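Structure first, commentary second.
Any read-out appearing in this document is the output of simple, stated calculations on the displayed coordinates, not a laboratory observation. This one's a predicted model, so the numbers in the text were calculated from it and none came from an experiment. Every residue, glycine among them, receives a Cβ derived from its backbone with ideal geometry; neighbour counts consider all protein chains shown.
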Amino acid sequence: MSEHEFQARGIRAKIDLAVGHIADFAIDDGGRTLRPLHRAPWIGEPDLPAGLPEGVVRLSGDFLCAPFSTSDVEPAPLHGWPANSAWDLVSDEAFSGGRTVTMRLQRKVLGATVDKVLTLRDGHAFLYQQHVFTGGSGAISVAHHPMTGMRAGGRLAFSPKRLAATPDNTPEPDPARGACLFAYPARSQDLGRFPAAAGGTVDLGDYSSEIMHEDFITLVEAPHGGMGWTAVARKAEGDVVLVLKNPVELPVTMLWVSNGGRFYAPWNGRAGVLGIEDGRTAVGHAASLGDNWLKREGVATAFELGASVSFRQVVGALPQKSTAAPVSVTAGEGRLRLGFSDGSAEETPFDDKFLRIGERPLN
């Protein structure tokens, strides 16, 4: 069995057990079906380039990166074995008001056992995810890797960030193979005015469907004591995709913008993907463990293994009732509340205890 599907009232998810990716995620809303997560169009295509990591061949939805990016401490493919190898289904259990599925990675990461625990709740528009590392030694960088489709672009909004920065090297240095919009390296405290490669600035809150580019940027959470969030108001899809975290666990949000800016296979200039990658990491395992710019900013870039370490994330979508992205996302008393610049607000059922905001969450 390579896929496992589970559901609660009004919501369902399918897991590709060959790589631990979310192969499908659907939310029923008043006759509409919202699908906030992207699945690569090349899955199942013949004659893919040789040597692609299995996690790229089967690239879907959301998955665990451990480590994030290059596996240059313990040998493994890009984003580690959790993103590229098989998981066993441990349990699929109903509870009053929902369903929880537990999976275990067949391989170990630095000697640690890795469990994935996914929960759907009746009437909630969210997938609640937890990953648990038990045992092992050393330190591991981690990130979630949710991807959403952006056929006609849209607007992004974020919980407070104190800076945004691109890495030293551009992801596509050869103009015959790809195109980038952002400057490398560069940083800004103003997300609305980030340095552009061609001069001037770009607005990180604007995902334009008109500009073909491939870019990667890291946003560092500001100290605000609340929930970390990214909201994506998608034009063509008519919804708002939400990715939620505890910033104590996952202090950075990395944006992977892949809008037709890779001209080679298997991307072939196909447009409209945004990765919203909440993590505790620098770019690469060795870089995360050593001296790096995030550590010099006081930001943790790995978890120490040994006993039990866990971290959580939530992803979901709501129908778009406003043409703009929200300016605030808050939780309390079993509800998630989205506030908008015109003073309007929307609420939806939400497990406000799940992310453990205000608790000591690391062990």
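So here's what we get for this one:
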| item | result |
| --- | --- |
| Local net charge near Val202, Cβ-Cβ under 15 Å (Lys/Arg +1, Asp/Glu -1) | -3 |
| Ratio Rg/Rh [Cα only; Rh per Kirkwood] for region 229-272 | 1.11 |
| Peptides ranked, highest mean first, by Cβ atoms within 10 Å: ranges 186-194, 39-47 | 186-194, 39-47 |
| Theoretical FRET efficiency, 1/(1+(r/R0)^6), r = Cβ-Cβ of Asp88 and Asp24, R0 22 Å, to 0.05 | 0.65 |
| Within region 221-255, trypsin sites (Lys or Arg not before Pro) in DSSP loop having at most 16 other beta-carbon neighbours inside 10 Å | Lys235 |
| Environment charge of Arg32, counting only residues whose C-beta is closer than 14 Å and scoring Lys/Arg +1, Asp/Glu -1 | -1 |
| Equivalent ellipsoid, region 1-77 (semi-axes from 5 times Cα gyration tensor eigenvalues, Å) | 27, 15, 11 |
| Structure-derived Cα extents along the principal axes in Å - corresponding label in [x] 56, 51, 46; [y] 70, 53, 36; [z] 81, 46, 36 | [x] |
| Convex hull volume per residue in cubic angstrom - Cα atoms of region 161-311 | 141 Å³ |
| For region 147-192, convex hull volume per residue from C-alpha positions, Å³ | 121 Å³ |
| For the chain, built as a Gaussian network whose Cα springs stay under 10 Å, the top-fluctuating residue of Asp28, Asp215, Asp239 | Asp28 |
| Inter-probe distance in nm under a simple model that places probes 7 Å from Cα toward Cβ, at Glu333 and Ala196 | 4.6 nm |
| Distance between modelled label sites at Glu74 and Arg9, nm, 7 Å Cα→Cβ extension | 4.2 nm |
| Stretchable slack from Lys321 to Arg296, in nm (0.36 nm times residue separation minus alpha-carbon distance) | 4.9 nm |
| Loop chymotrypsin sites (Phe, Trp or Tyr not before Pro), region 207-275, which have at most 13 other Cβ atoms in a 10 Å radius of their Cβ (DSSP) | Tyr264 |
| Two-decimal log10 I(q)/I(0) for region 65-111, as the Debye equation yields it once each C-alpha is a single scatterer, q = 0.17, 0.26, 0.27 Å⁻¹ | -0.57, -0.88, -0.92 |
| Cα-only Debye scattering, region 90-211: base-10 log of I(q)/I(0) at q = 0.12, 0.16, 0.17, 0.20 Å⁻¹ | -0.77, -1.01, -1.03, -1.11 |
